[in-house]
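One structure is given here, and the rest of the page talks about it.
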Amino acid sequence: MYGINQHMVDLCELLSEQNFDVICPNLLEQEIPFDYSQEVKAYHNFMDNIGFTNGLHKVKNILLDIQDEYSKIFIIGFSVGATVAWLCSEEEYVDGIVGYYGSRIRDYVNIYSKCPVLLFFPKVEESFNVDELVSTLDKPKIDVHICKGEHGFSNPYSSKYNEELAQNTFRETLHFFKNN
C-alpha cells in the first residue's frame, strides 16, 4: 500500500542475511513510497489504481518467471500485500505464504490454499472483527495467530510498532520458511 518503504528494504535485508533470495515487487510502480501519515491516501491509491486483481497478476507473473529457478517459493506480505499473498496461495508453485495483518483477506475467505499459510493479525482491527475472520479461516494448512498488538506492530517505522512482538513473529516466520 505504501510502496517499497524502509520497512520493506530492511525486511529484505534481514531475509537475505538468512540466505533467502528476495524479490520485492513494487506494486505501486512509483519510486517514492507513501509516508505513513498518508495512510488513507495510500490505501485509496492502491484500491483505485492497482487493486488486488492487478497486484495478484503482477506477483503471479514474477512467480511464473522464477518458478523453475527455485526449489521453494514463499511469499510474505504486509497489509494489502498480505491479501495479495493470500490470493497467491492457490497457485501450485507456491510453497508457503506468510501474511501480516491482511485485513482484506476477509473478502476472499473462499480461497482454498494449496500451500501452508501463516497469518498474523492484531487483536483488534478498526474495520472488521478479527475473531470472526479467524473462525472462517479455520481450515487445513492455515495457521492463524492473533497478536497482542495493533495493525503495523512489526514495522519499526510505525507508531504501532511492538518490538517484542515483531521479533517473535519474525522468528515464527523464519521457522515457517525453514520447515515448509
* Asked: Taking the radius of gyration and the Kirkwood hydrodynamic radius from Cα positions alone, what is the Rg/Rh ratio for the chain, to two decimal places?
  -> 0.92
* Structure fact -> With x for Gly and Pro, the residue-by-residue ³J(HN,Hα) of the range 98-114, computed from phi through the Karplus equation 6.51 cos²θ - 1.76 cosθ + 1.60 at θ = phi - 60° and given in whole Hz, is 10, x, 9, 6, x, 4, 7, 4, 4, 7, 9, 6, 7, 5, 10, 5, 9
* For Glu164 and Glu69 in one chain, what is 0.36 nm times their gap in residues minus the Cα-Cα distance, to one decimal in nm? -> 30.7 nm
* To do: Quick one: P(r) of the range 80-142 from all Cα-Cα pairs, 10 Å bins, percents rounded to integers, in order of increasing distance.
  => 23, 61, 15, 1
* **Of Phe177, Asn110, Asn61, farthest towards positive along the dipole that unit charges on Lys, Arg, Asp, Glu beta carbons give the chain** => Asn110
* Asked: Rounded to the nearest 500 deg cm²/dmol, what is the calculated helix-only ellipticity per residue at 222 nm for the chain, with -39500 (n - 2.57) per DSSP H run of length n ≥ 4?
  -> -11500 deg cm²/dmol
* **Rounded to whole Hz, the Karplus (6.51, -1.76, 1.60) HN-Hα couplings of the range 165-180, x for glycine and proline** => 5, 4, 5, 5, 5, 5, 4, 5, 4, 4, 4, 4, 5, 7, 10, 10
* **For q = 0.10, 0.17 Å⁻¹, Debye-computed log10 I/I(0) when each Cα of the range 25-108 counts as one equal scatterer** => -0.25, -0.70
* Dipole moment magnitude, nearest 20 debye, the chain about Cα centre, only Lys, Arg, Asp, Glu C-beta charged -> 360
* Amide H within-cut-off set for Asp143, under 5 Å, with H built and near neighbours excluded -> Val117, Leu118, Leu119
* Amide proton proximity set for Tyr100, modelled H, under 5 Å, gap of 5+ -> Gly77, Phe78, Ser79, Ala82, Phe120
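Bear in mind these aren't lab numbers, they're just calculated from the coordinates by the rules spelled out. Being a predicted model, the structure only gives us computed values, none of them experimental. A quick note on method: Cβ atoms are made from the backbone with ideal geometry, for glycine too, and the neighbour counts reach across all protein chains shown.
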